[in-house]
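Here's the structure we're looking at; comments come further down.
Just so you know, all these numbers are worked out from the coordinates, no wet-lab data involved. From a predicted model like this one, the values you see are computed outputs, not experimental measurements. When we count neighbours, we look across all protein chains shown, and the Cβ atoms used for this are built from the backbone with ideal geometry, even at glycine.
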């Protein structure tokens, strides 16, 4: 009888342990279930951080949410160097600086949405996410009469729900692999050094339109990039628009036999 209870007690402990494991594997942290890690697979989607290309080409992008004092200066420098760039605009910025939106478009720059209200969109439900994207996109398109094709999530925060909603609206979600950290008040030299240490073919560089040293920093960065032979373009000119896949590191690969951005 004693042996019976020992065996029964051991069985109960095993069953309880198995139940705990099953429960834990259903827990999600940061949008990733522990089961995905445990079993070595992941269903988490990722945006485009960079592009797999043999071309010596990189893209510069600017996020615009607060302030516009330096936007005209940025456009002048881009024109001087004969390069294009992508501006990701927040809806309330568009409301306040409609003439700047038009100027960016007239200068031949690409415009994407950076949401309507700049929230952490990974914390929003699908319907709210959709409203953020649709509202901001329509505002931009009403001014420029050009279709918005790109989206950048505020704070770089995303999950599957956000990426699914963006995709359903025909938007490609864009991150970055080179961060200038210009918003921290870095000097032009410090920004340029960060870019030079990280940039490679297919890189997407993150900057902000109203950071402290953006004008000097942009000029120095463009000097260095052009001296190294990089073709500096907008994000839309760099990425693949269709027939592509994105690996777990956010690198976009063309599925065409001849892949050239």
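Using alpha-carbon positions, what is the distance between the centroids of the stretch 119-164 and the stretch 189-261, in Å?
22
Can you give me the distance in nm between label points at residue 145 and residue 96, each placed 7 Å from the Cα along the Cα-to-Cβ direction?
With each label point 7 Å from Cα toward Cβ, the separation is 2.8 nm.
By the gyration tensor of its Cα atoms, with a ≥ b ≥ c the square roots of the eigenvalues, what is the shape of the stretch 50-254: rounded for a/c under 1.5, prolate for a/b over b/c, or oblate? Present the calculation step by step, with values, prior to reporting the outcome.
On the way: a/c = 1.59, a/b = 1.21, b/c = 1.31.
Oblate, because a/c is 1.5 or more while a/b does not exceed b/c.
Along each of the three principal axes of the Cα atoms of the stretch 119-218, give the extent in whole Å, ordering the values from largest to smallest.
43, 30, 26
Any idea how far apart residue 237 and residue 167 come out in nm if each label point goes 7 Å out from Cα toward Cβ?
Roughly 2.9 nm, to one decimal.
Give, in nm to one decimal, the length gained when the segment between residue 196 and residue 138 is fully stretched (0.36 nm per residue of separation minus the Cα-Cα distance).
On the way: separation 58, 0.36 × 58 = 20.88 nm, distance 3.64 nm.
Computed gain between residue 196 and residue 138 is 17.2 nm.
Which of rounded, prolate or oblate describes the stretch 47-127 when judged by the alpha-carbon gyration tensor and an a/c cut-off of 1.5? Present the calculation step by step, with values, prior to reporting the outcome.
Details: a/c = 2.67, a/b = 1.15, b/c = 2.33.
Because a/c hits 1.5 or more and a/b fails to exceed b/c, the stretch 47-127 counts as oblate.
Round to the nearest 0.05 the FRET efficiency obtained for residue 212 and residue 130 when R0 = 22 Å and r is the Cβ-Cβ distance. Display every interim value, and only then the final one.
Numbers: r = 35 Å, r/R0 = 1.59.
About 0.05, to the nearest 0.05.
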